[in-house]
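First comes the structure, then the notes that go with it.
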Amino acid sequence: MAEPAGEGTLIVVPTYNEADNVEAVIARIVAAVPAAHVLVVDDASPDGTGQIADRLATANARIAVLHRPEKRGLGAAYLAGFAHAIDGGYSVVVEIDADGSHDPAELPAMLAQIASGADLVIGSRWVDGGRVIDWPAHRRAISRVGNGYARAALRSRVSDLTAGFRAYRTSALQSLDLATVSSQGYCFQVELAWRIEAKGCTVVEHPITFVERTQGRSKMHLGIVLEALFRVTSWSVLMRLGRQP
Ligand SMILES: Nc1nc2c(ncn2[C@@H]2O[C@H](COP(=O)(O)OP(=O)(O)O[C@H]3O[C@H](CO)[C@@H](O)[C@H](O)[C@@H]3O)[C@@H](O)[C@H]2O)c(=O)[nH]1
């Protein structure tokens, strides 16, 4: 008999000020992949997100919360979640935003691709069949231009390197030296996808519809864009000097 969807999977949900979103998103995740475990990584959100997550965890043993003392960026939150997955012996780790932009109903199909041999499945906006709904023109432009630049600079085959909806085979994460992953913001997504691809792992893009959040605010700011520009350019130069990550 086939395993229920999500068995052996840890779904990491980073949160910062997502009080209006976190409960609904977790309910959708649990409905889509009831056998998976969920880890909320909250950076002491001032709006009480962490306390809402604690209440959800009390009601469902498959939900846990990691409280961090302060806001330290998306990359650090995910690294903490990955460490938890590795320590806990999970075979698959999922990344998903807490703001409702990513539809958890895509997860069974993404996990099936891992079961079929993929090491990383990226929920992609910028492949055939992918879409973005309700994003302002400047966000669309930043994502298109940023992804185009990163793809060319890093000689990647991935169209949506910044995508934040993914499933990783845990062994693919372990093949990287995670202690050397240094990106803080959305550049973290670029770094992980590029380094896993460079290892020769199988990376697959699964088309998704990304829907702009209706509650709360994006944490995107100029520093996140500049960090990505600086790091991607540096990696590109190092690569051309023959120094792979
Ligand atoms: N714990 C923690 N969580 C954070 C932090 N910063 C952001 N988050 C959480 O990370 C998720 C994504 O952050 P948003 O700020 O909502 O991202 P976005 O603007 O919608 O960005 C989208 O586009 C990016 C660029 O393409 C993507 O990288 C990102 O995943 C997402 O798809 C949300 O769940 C948010 O609460 C942080 O410092 N700490």
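Just the residues that are away from the ligand (no atom under 14 Å from the Cβ), among the hydroxyl-bearing types (Ser, Thr, Tyr) and under 18 Å from Arg231 (Cα atoms), please, taken from the stretch 172-185.
In the first step, residues of the stretch 172-185 are kept if they are away from the ligand (no atom under 14 Å from the Cβ); the result is 172-182.
Filter once more, so that each one left must be among the hydroxyl-bearing types (Ser, Thr, Tyr): 175, 180, 182.
The answer is Thr180, Ser182.
I'd like to check something: does the stretch 148-171 contain any residue that is within 10 Å of the ligand (Cβ to nearest atom), among the charged types (D, E, K, R) and either in a helix (DSSP H, G or I) or crowded, with 16+ Cβ neighbours inside 10 Å (or both)?
We begin by selecting, within the stretch 148-171, every residue within 10 Å of the ligand (Cβ to nearest atom); these are 160-166.
Filter again for among the charged types (D, E, K, R), leaving 160, 166.
When the remaining residues are screened for being either in a helix (DSSP H, G or I) or crowded, with 16+ Cβ neighbours inside 10 Å (or both), the result is 160, 166.
Checking the stretch 148-171: at least one residue is within 10 Å of the ligand (Cβ to nearest atom), among the charged types (D, E, K, R) and either in a helix (DSSP H, G or I) or crowded, with 16+ Cβ neighbours inside 10 Å (or both).
For the stretch 77-110, which positions are within 11 Å of the ligand (Cβ to nearest atom) and either surrounded by fewer than 19 Cβ atoms within 10 Å (Cβ to Cβ) or β-branched (Val, Ile, Thr) (or both)?
Ala80, Ile96, listed by residue number.
Listed here are the residues, each with its yes/no results for (1) of a type in the set (Val, Ile, Thr); (2) touching a residue at least 12 places away in the same chain (Cβ under 8 Å); (3) closer than 26 Å to Gly8 by Cβ.
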| site | (1), (2), (3) |
| --- | --- |
| Thr170 | yes, yes, yes |
| Leu173 | no, yes, yes |
| Tyr186 | no, yes, no |
| Ala193 | no, yes, yes |
| Ile196 | yes, yes, yes |
| Thr202 | yes, yes, yes |
| Glu205 | no, yes, yes |
| Ile208 | yes, yes, yes |
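Would you confirm, using the coordinates I've provided, whether Val132 is more than 11 Å from the ligand (Cβ to nearest atom), within 21 Å of Asp103 (Cβ to Cβ) and not in a helix (DSSP H, G or I)?
Values: more than 11 Å from the ligand (Cβ to nearest atom): no; within 21 Å of Asp103 (Cβ to Cβ): yes; not in a helix (DSSP H, G or I): yes.
Here the answer is no, as Val132 does not meet what is asked.
Identify, please: which residue in the stretch 24-53 is surrounded by fewer than 16 Cβ atoms within 10 Å (Cβ to Cβ) and under 23 Å from Ala76 (Cα atoms) and is, among those, nearest to the chain's Cα centre (by Cα)?
Result: Ala44.
Yes or no: the stretch 211-218 includes at least one residue that is within 14 Å of the ligand (Cβ to nearest atom), more than 23 Å from Asp43 (Cβ to Cβ) and not in a loop (DSSP other than H, G, I, E, B). Give the derivation first.
So the first thing to find is which residues in the stretch 211-218 are within 14 Å of the ligand (Cβ to nearest atom), and the list is 211-218.
The next check asks that each one be more than 23 Å from Asp43 (Cβ to Cβ); those that pass are 211.
Now restrict to residues that are not in a loop (DSSP other than H, G, I, E, B): 211.
Yes, some residue in the stretch 211-218 is within 14 Å of the ligand (Cβ to nearest atom), more than 23 Å from Asp43 (Cβ to Cβ) and not in a loop (DSSP other than H, G, I, E, B).
Please name all residue pairs, on different chains or six or more residues apart, with Cβ atoms under 9 Å, provided the first residue is in the stretch 210-225 and is touching a residue at least 60 places away in the same chain (Cβ under 8 Å) and the second residue is within 7 Å of the ligand (Cβ to nearest atom) and of a type in the set (Lys, Arg).
Lys219/Lys71
When you check Phe188 against the structure, is it buried (at least 22 other Cβ atoms within 10 Å of the Cβ), farther than 15 Å from Gly75 by Cβ and within 10 Å of the ligand (Cβ to nearest atom), yes or no?
Numbers: buried (at least 22 other Cβ atoms within 10 Å of the Cβ): yes; farther than 15 Å from Gly75 by Cβ: no; within 10 Å of the ligand (Cβ to nearest atom): yes.
No; evaluated as a whole, the condition is false for this residue.
Do any residues in the stretch 134-153 that are farther than 15 Å from Ser124 by Cα and modelled with pLDDT of 90 or more have Cβ atoms under 7 Å from those of residues that are among the hydroxyl-bearing types (Ser, Thr, Tyr) and not in a loop (DSSP other than H, G, I, E, B), where the two are at least six apart or on different chains, and which pairs are they?
Ala153/Thr233; Ala153/Ser236
The values are calculated or read from the model by the stated rules, or taken from the named source; none is laboratory data. All values derive from a computational prediction rather than experimental measurement. Glycine also receives a Cβ, built like all others from the backbone with ideal geometry; neighbour counts cover every protein chain displayed.
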